[in-house]
1. Test of understanding: among Ile106, Ile146, which residue is open to solvent by less than 60 Å² (accessible area, probe 1.4 Å), among the hydrophobic types (A, V, I, L, M, F, W, C) and under 18 Å from the mean Cα position of the chain (by Cα)?
2. Just one of the numbered conditions (1) polar (S, T, N, Q); (2) within 12 Å of the ligand (Cβ to nearest atom); (3) open to solvent by less than 40 Å² (accessible area, probe 1.4 Å) is not true of Thr122; which one?
3. Are there helices (runs of 4 or more DSSP H) fully within region 1-78 with at least 2 residues that are within 20 Å of Asn147 (Cα to Cα) and charged (D, E, K, R)? List them.
4. If you go through region 45-54 one residue at a time, how many are of a type outside the set (Asp, Glu) and within 13 Å of Ser13 (Cα to Cα)?
5. Pairs, please: C-beta under 9 Å, at least 6 apart or cross-chain, first residue touching a residue at least 12 places away in the same chain (Cβ under 8 Å) and in region 52-66, second among the acidic types (Asp, Glu)?
6. I need every pair where a residue in region 12-38 that is assigned by the TED database to the domain that holds Ile68 has its Cβ under 8 Å from the Cβ of a residue that is surrounded by fewer than 10 Cβ atoms within 10 Å (Cβ to Cβ) and not basic (Lys, Arg), sequence separation at least 6 or different chains.
7. Step by step: first the residues of region 13-67, then only those that are among the charged types (D, E, K, R) and surrounded by 15 or more Cβ atoms within 10 Å (Cβ to Cβ), then the one that is farthest from Tyr77 (Cα to Cα). Which residue is that?
Amino acid sequence: MSEIAPAAKPAFSQEALKKVETIYNRYPADKRQSALLPVLDLAQREFGGWLSRASMDYVAELMGLAPIRVYEVATFYTMYNLKPVGKHHVQVCTNISCWLCGSDGIGEAVKQRLEIEYGQTTEDGNFTLSEVECLGACVNAPMFQINDDYYENLTPETAVKIIDELANKA
Ligand code: FES
């Protein structure tokens, strides 16, 4: 009878472990838990753009923290993805400044263009669409973030143009 091999446990590469050391060095030795946010961000980048339970457990073990401390942080901030996301993660800010400046129209235009709703990924895996809280770019509302880039002062037309350009590059 053949056995199904258990999934490999996530683990940082040597290069990533060096980055962890660099992150640790930003904090006093007795305040290492303060490094959790950047270490989780690194884990997300290393482990396919999202944080599985196994990835969070790995970070907890690495940092000597109770797993619950890691889950609390990872589930609080929208910058952490708790399920797989597409190649381009479109995060539309719908908080007060963006809302007053027309984020409803931005969200609708992107939904129509991608034929998905918030929280969904296109069938080809190219785009995930999320609704997020204030991303700190209110002065140039409305805006969305795609992966690490901010796109500001959007209109429905410019929003769709940006999506089109990314889709054509894919
Ligand atoms: S309300 Fe959208 S960036 Fe602040």
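1. Working: Ile106 fails: under 18 Å from the mean Cα position of the chain (by Cα).
None of the others qualify; the one that does is Ile146.
2. Failing condition for Thr122: (2).
3. 36-46
4. Quick first cut of region 45-54, residues of a type outside the set (Asp, Glu) only: 45, 47-54.
Filter again for within 13 Å of Ser13 (Cα to Cα), leaving 45, 47.
Looking only at that region, the number is 2.
5. Within 9 Å, the pairs are Ser55/Glu46.
6. Arg32/Gly64
7. Pass one, region 13-67, residues among the charged types (D, E, K, R): 15, 18-19, 21, 26, 30-32, 41, 45-46, 53, 57, 61.
Now narrow it down to the ones that are surrounded by 15 or more Cβ atoms within 10 Å (Cβ to Cβ): 19, 32, 41, 46, 57.
Working: Lys19: 22, Arg32: 19, Asp41: 11, Glu46: 18, Asp57: 17 Å.
For region 13-67, the residue satisfying everything is Lys19.
The values are calculated or read from the model by the stated rules, or taken from the named source; none is laboratory data. None of these values were measured; they are calculated from a predicted model. Methodologically, a virtual Cβ is constructed for each residue, glycine included, from the backbone with ideal geometry; neighbour enumeration extends over all protein chains shown. For the accessible areas, the whole protein counts, side chains as well, though only heavy atoms, and no ligand, DNA or RNA atoms are used. Shrake-Rupley method; radii C 1.70, N 1.55, O 1.52, S 1.80 Å.
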